[in-house]
Amino acid sequence: MLEVRSLTKLYSSIPAVDNVNFTIKPGEVLGYLGPNGSGKSTTVKVITGLMEPSSGTVFFKGANIRDDLIAYKRVVGYVPEEANLYPFLSGLEYLELVSRLRGLAPSATRRIEALLELFSMRPHRHVAISAYSKGMRQRILLIAALLHNPELIIFDEPLSGLDVTSALIFRRVVEALRAAGKTIFYCSHVLEVVEKVCTHVTILDKGKQLACGTVQELNKFQVTPSLEAVFSQLVHDVDAGQCATAIVDVMVSR
């Protein structure tokens with residue numbers, strides 16, 4: 001179980017994340033939502049162990065992750081938003097490097113080959129990553145995150161750059177991982193996907209936690225339930241319809 005208690009992160013005394021609390025149990029998928037600048041990326045950096053919180057604690061299986069970060073990272077699979085890979089390596093070479101760094105047995109090569117096939121990357125496995133599209137790089141990141149069969153999986157905008165087929169496969173993968181009892185943190189702005197694959201949702205705005213609960217519980221905020229409607233009601237940002245109309249008006253004006 002991943003548990004975040006009173007998480008706060010300050011930048012020059014300004015809170016990027018302010019007293020956030022949530023729990024994810026095995027077999028649950030927590031959708032972490034919020035507009036740009038709401039503190040989602042900061043939260044991801046803290047729960048992956050890349051950044052230390054200003055206050056508050058992150059627990060996994062009841063232990064503070066800061067007590068033994070190396071052991072914690074062994075059981076975490078992480079897909080960052082930006083696909084920063086080694087461009088001079090091929091996809092296969094990168095995954096073999098990840099396998100060695102993870103201390104996996106040589107037999108993991110079969111797992112790499114199988115995942116490359118399932119993610120439609122096998123024909124491109126010997127091509128340099130520098131020649132990959134954004135979606136192809138994202139698929140390599142997904143394979144690397146799943147390669148060691150992690151207990152906790154952290155997705156930060158995982159659909160970025162994926163084509164329709166790959167995005168559909170990814171959704172099915174998340175459902176299968178949940179069924180397999182994995183603990184999943186899903187940071188995204190794609191409300192439709194979050195509503196379909198997540199069991200729980202936390203909504204963040206300007207660092208503050210506005211709501212946290214199951215998708216069904218949050219949908220009770222609206223007469224016509226939808227996560228998009230709940231999000232729009234809780235996060236008073238801009239009226240998307242009015243903004244879109246104004247943009248078109250400016251375009252066609254003389």
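Read-outs throughout are calculated quantities, based only on the coordinates presented, and are distinct from any laboratory measurement. All of these numbers come straight from a predicted model, not from anything done at the bench. Reconstructed Cβ throughout: ideal geometry from the backbone, glycine too, with neighbour counts over all protein chains shown.
Identify, from the list Ile169, Ile140, the residue that is of a type in the set (Val, Ile, Thr), assigned to a helix (DSSP H, G or I) and in contact with a helix residue (DSSP H, G or I) (Cβ under 6 Å, 6 or more places away or on another chain). Spell out the reasoning first.
Details: Ile169 fails: in contact with a helix residue (DSSP H, G or I) (Cβ under 6 Å, 6 or more places away or on another chain).
So the residue among Ile169, Ile140 that is of a type in the set (Val, Ile, Thr), assigned to a helix (DSSP H, G or I) and in contact with a helix residue (DSSP H, G or I) (Cβ under 6 Å, 6 or more places away or on another chain) is Ile140.
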Next on the checklist: Report every pair of residues separated by at least 6 positions or lying on different chains whose Cβ atoms are under 9 Å apart, first residue within region 4-19 and closer than 25 Å to Ile184 by Cα and free of Cβ contacts under 8 Å to residues at least 12 places away in the same chain, second loosely packed, with under 14 Cβ neighbours inside 10 Å and not aromatic (Phe, Trp, Tyr).
Outcome noted: none
Checklist entry - Can you find a residue in region 118-125 that is under 27 Å from Leu168 (Cβ atoms), small (Gly, Ala, Ser) and assigned to a loop (DSSP other than H, G, I, E, B)? => result yes
Checklist outcome for this item: Pro87 vs (1) assigned to a loop (DSSP other than H, G, I, E, B); (2) within 21 Å of the chain's Cα centre (by Cα); (3) within 26 Å of Phe170 (Cα to Cα): all pass except (2)
Next on the checklist: Contact list please: Cβ distance under 8 Å, first residue in region 111-136 and farther than 20 Å from Ser160 by Cα, second residue outside any helix (DSSP H, G or I) and among the small types (Gly, Ala, Ser), pairs at least six apart or on different chains.
Outcome noted: Arg125/Ser90; His126/Ser90; Val127/Ser90; Ala128/Ser90
Checklist entry - So which residues in region 124-145 are within 17 Å of the chain's Cα centre (by Cα) and exposed (fewer than 14 other Cβ atoms within 10 Å of the Cβ), if there are any at all? => result Lys134
Checklist entry - Out of (1) over 20 Å from the mean Cα position of the chain (by Cα); (2) under 15 Å from Leu204 (Cβ atoms); (3) of a type in the set (Phe, Trp, Tyr), what's the single condition that is false for Tyr11? => result (2)
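For every residue, the table says whether it meets (1) within 19 Å of Glu151 (Cα to Cα); (2) of a type in the set (Gly, Ala, Ser).
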site: Leu2; (1), (2): yes, no
site: Asp18; (1), (2): no, no
site: Gly49; (1), (2): yes, yes
site: Pro53; (1), (2): no, no
site: Lys61; (1), (2): yes, no
site: Arg66; (1), (2): yes, no
site: Pro80; (1), (2): yes, no
site: Phe88; (1), (2): no, no
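Can you name the residue in region 48-86 that is among the hydrophobic types (A, V, I, L, M, F, W, C) and under 22 Å from Arg137 (Cβ atoms) and, of all such residues, is surrounded by the fewest Cβ atoms within 10 Å (Cβ to Cβ)? Walk me through how you get there before you give the answer.
The first filter runs over region 48-86 and keeps only residues among the hydrophobic types (A, V, I, L, M, F, W, C), leaving 50-51, 58-60, 63, 65, 69-71, 75-76, 79, 83, 85.
Then keep just the ones that are under 22 Å from Arg137 (Cβ atoms); that gives 50, 76, 79, 83, 85.
Numbers: Leu50: 12, Val76: 22, Val79: 23, Ala83: 19, Leu85: 17.
Within region 48-86, the match that is surrounded by the fewest Cβ atoms within 10 Å (Cβ to Cβ) is Leu50.
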Checklist entry - For region 181-194, which residues satisfy the criterion of being in contact (Cβ under 8 Å) with a residue 40 or more places away in the chain and either surrounded by fewer than 21 Cβ atoms within 10 Å (Cβ to Cβ) or assigned to a loop (DSSP other than H, G, I, E, B) (or both)? => result Gly181, Lys182, Ser188, His189, Leu191
Checklist entry - Just checking, which of Ala71, Ala131 is among the small types (Gly, Ala, Ser) and under 30 Å from Ser55 (Cα atoms)? => result Ala71
Checklist outcome for this item: Pairs returned, first residue in region 43-60 that is in contact (Cβ under 8 Å) with a residue 60 or more places away in the chain, second residue that is acidic (Asp, Glu) and buried (at least 17 other Cβ atoms within 10 Å of the Cβ), beta-carbon separation under 7 angstrom, 6 or more apart or interchain, are Val44/Asp156
Checklist entry - Taking the stated definitions as given, is Leu89 surrounded by fewer than 17 Cβ atoms within 10 Å (Cβ to Cβ) and closer than 30 Å to His126 by Cβ? => result yes
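When you check Lys25 against the structure, is it in contact (Cβ under 8 Å) with a residue 24 or more places away in the chain, more than 14 Å from Gln209 (Cβ to Cβ) and basic (Lys, Arg), yes or no? Before you say what the answer is, go through the steps one by one.
Numbers: in contact (Cβ under 8 Å) with a residue 24 or more places away in the chain: yes; more than 14 Å from Gln209 (Cβ to Cβ): yes; basic (Lys, Arg): yes.
Yes, satisfied.
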